[in-house]
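Just so it is clear, none of the values below were taken in a lab; they were calculated from the coordinates. Given the structure is predicted, the values throughout are model-derived calculations rather than measurements. We place every Cβ from the backbone using ideal geometry, glycine too, and count neighbours over all the protein chains shown.
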Amino acid sequence: DAKTTQPTSMDCAEGRAANLPCNHSTISGNEYVYWYRQIHSQGPQYIIHGLKNNETNEMASLIITEDRKSSTLILPHATLRDTAVYYCIVRDVQGAQKLVFGQGTRLTINP
Amino acid sequence: ETGVTQTPRHLVMGMTNKKSLKCEQHLGHNAMYWYKQSAKKPLELMFVYSLEERVENNSVPSRFSPECPNSSHLFLHLHTLQPEDSALYLCASSLGQGVDEQFFGPGTRLTVL
């Protein structure tokens, strides 16, 4: 079972920041938070991951709360091409090939 | 373009047919995966191969038979499938075990009649 809770859907205006929340209240010390997205009719795409510090790359920023029970993925300037289903996944670092996908958040970027 | 390719992109087969899905990665990765994505359901991990050895089989019916002849290629052999097996089949690869990100192919859309 997925260990995360995400809103089913969200809308965001083009050019604005999209903030996608994720709850992972049962996360353990060995588990990372991963974000993937899946654009319609394509395979999932890795976005970012983190353990406890905030992370930033060319796609997004990941903000993890101090207690690590929730996180937020931030797309700083959303474009229409960011419309996708976004998956928040917690993943154990020990022997951890397994990604357990939940239902994700369907993010729609509106012009 | 993720460096992971899958063929065919679309496949329609009858329940008595035998077919194979192919996945190839050009990333020098050592681990490869098969996932199934049915309509309205989350992705489900089916098989994991690490260094050409199967390390995980998630209670997948025997009508699905994986094969990993080398670290760059992964096959999923299909025989006597059921209509409920119709789904998007996704292949992924990663550098190794642990926290490595997975790179996904575009998937094969399978329809079983």
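Loop-located GluC sites (Glu not before Pro) across segment A:33-111 with a Cβ neighbour count of 14 or fewer within 10 Å are A:E58, A:E66, with loop assigned by DSSP. By the count of other C-beta atoms within 10 Å, a proxy for reagent exposure, B:E52, B:E84 are ordered fewest to most as B:E84, B:E52. Between A:S25 and A:T72, the C-beta separation translates, for a Förster distance of 22 Å, into a calculated FRET efficiency of about 0.90. Loop-located trypsin sites (Lys or Arg not before Pro) across segment B:1-72 with a Cβ neighbour count of 14 or fewer within 10 Å are B:R9, B:K40, B:R63, with loop assigned by DSSP. Normalised by the number of residues in segment B:23-113, the mean separation of alpha-carbon contacts (under 8 Å, six or more apart) gives a relative contact order of 31 percent.
By the Cβ-Cβ criterion of under 4.7 Å, the unpaired cysteines of chain B are B:C68. The separation of segment B:16-52 from segment A:50-111, counted between C-alpha centres, amounts to 23 Å. Each residue in A:L51, B:L45, B:L90 was given a count of other beta-carbon atoms within 10 angstrom of its own, and listing them fewest first yields A:L51, B:L45, B:L90. Close Lys pairs in the protein assembly as shown, defined as Cα atoms under 17 Å apart and 8 or more places apart or on different chains, number 8.
Among the cysteines of chain A, those whose beta-carbon sits 4.7 Å or more from every other cysteine beta-carbon are A:C12.
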